[in-house]
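Here the structure is laid out as structure tokens; the discussion comes afterwards.
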Amino acid sequence: MAKTGNKNIQAKLVLLGDMGTGKTSLVLRFVKGQFYEYQESTIGAAFFTQVLSLNEATIKFDIWDTAGQERYHSLAPMYYRGAAAAVVVYDITSMDSFERAKKWVRELQRQGNPNLVTVLVANKADLESKREVQNEIGEQYAKDNRLLFFETSAKSAQNVNELFYEIAKRLAKAA
Ligand code: GDP
Ligand code: MG
């Protein structure tokens, strides 16, 4: 298939979710293919880019990670403004983080962009023995709110690329 005529898409992607759920780790796994056990939760760098090539399009992600602002449970509107995709992360070992994720989802819904590709991510799936949030609970909430849903582990890399590829596919289809 000829590459010419393929769509070039630039897409802003934002991460939301409680501090410590693994947002930065997911981004670093995706962008650098690495995991840092002692990740500083407020590590400075908050902006990353990554390109994914699909058959039908090339997607350049501008990824906005927080630099710890989520600890105040609110983010400046400019953080989401113009976003094409949002990834809301909770930690399967923390019911609190799941409850908080629902709040972030509602906040996104209030922003009122019906085309925003929104994904609910249940991270730290490698910590099965400490699980507090059953898979079905997250899955059902996602279904009820028309969100994509993935259980991931930034540590083991489970589903991390799959998650970003799925977003890329949705964006390519919509473009
Ligand atoms: P953020 O505050 O949401 O950006 O979370 P971080 O990415 O800073 O991660 C918080 C802590 O959880 C760090 O110690 C990470 O190493 C750890 N962590 C992140 N993702 C995973 C995961 O999938 N599995 C495990 N076991 N630990 C993780
Ligand atoms: Mg972080």
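Could you please give the count of residues in the range 53-75 that are hydrophobic (A, V, I, L, M, F, W, C) and away from ligand 2 (no atom under 16 Å from the Cβ)?
4
Pairs under 6 Å by beta carbon, first residue farther than 24 Å from residue 151 by Cα in the range 74-97, partner open to solvent by 20 Å² or more (accessible area, probe 1.4 Å), six or more apart or different chains?
The qualifying pairs are 75/69; 82/12.
For the range 120-129, give me each residue that is among the polar types (S, T, N, Q) and either touching a residue at least 40 places away in the same chain (Cβ under 8 Å) or open to solvent by less than 20 Å² (accessible area, probe 1.4 Å) (or both). Walk me through it before giving the result.
Of all residues in the range 120-129, those among the polar types (S, T, N, Q) come to 123, 129.
If the condition is that a residue be among the polar types (S, T, N, Q) and either touching a residue at least 40 places away in the same chain (Cβ under 8 Å) or open to solvent by less than 20 Å² (accessible area, probe 1.4 Å) (or both), then 123 is the only one that fits.
How many of the residues in the range 73-91 are over 22 Å from residue 173 (Cβ atoms), assigned to a helix (DSSP H, G or I) and open to solvent by less than 60 Å² (accessible area, probe 1.4 Å)?
Residues meeting the conditions: 1.
This table checks each residue for (1) surrounded by 17 or more Cβ atoms within 10 Å (Cβ to Cβ); (2) within 16 Å of ligand 2 (Cβ to nearest atom); (3) part of a loop (DSSP other than H, G, I, E, B).
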| position | (1), (2), (3) |
| --- | --- |
| 93 | yes, no, yes |
| 97 | yes, yes, no |
| 104 | yes, yes, no |
| 109 | no, no, no |
| 114 | no, no, yes |
| 118 | yes, no, no |
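If we keep just the residues of the range 1-33 that are under 20 Å from residue 87 (Cα atoms) and either modelled with pLDDT under 90 or more than 16 Å from ligand 2 (Cβ to nearest atom) (or both), which is nearest to the chain's Cα centre (by Cα)?
Residue satisfying both the conditions and the ranking: 12.
If I go through the range 130-173 residue by residue, how many of them are among the polar types (S, T, N, Q), in contact with a helix residue (DSSP H, G or I) (Cβ under 9 Å, 6 or more places away or on another chain) and loosely packed, with under 15 Cβ neighbours inside 10 Å?
Here the count works out to 1.
Of the conditions (1) in a loop (DSSP other than H, G, I, E, B); (2) within 22 Å of residue 115 (Cα to Cα), residue 133 satisfies every one except a single condition; which number is it?
Tallying (1) in a loop (DSSP other than H, G, I, E, B); (2) within 22 Å of residue 115 (Cα to Cα), residue 133 fails exactly one: (2).
The values are calculated or read from the model by the stated rules, or taken from the named source; none is laboratory data. Since this is a predicted model, take the numbers as computed values, not measurements. Ideal geometry is used to build each Cβ from the backbone, glycine not excepted, and the neighbour counts take in all protein chains shown. Accessible surface is based on the protein model in full, side chains and every heavy atom, while ligands, DNA and RNA are left aside. Shrake-Rupley method; radii C 1.70, N 1.55, O 1.52, S 1.80 Å.
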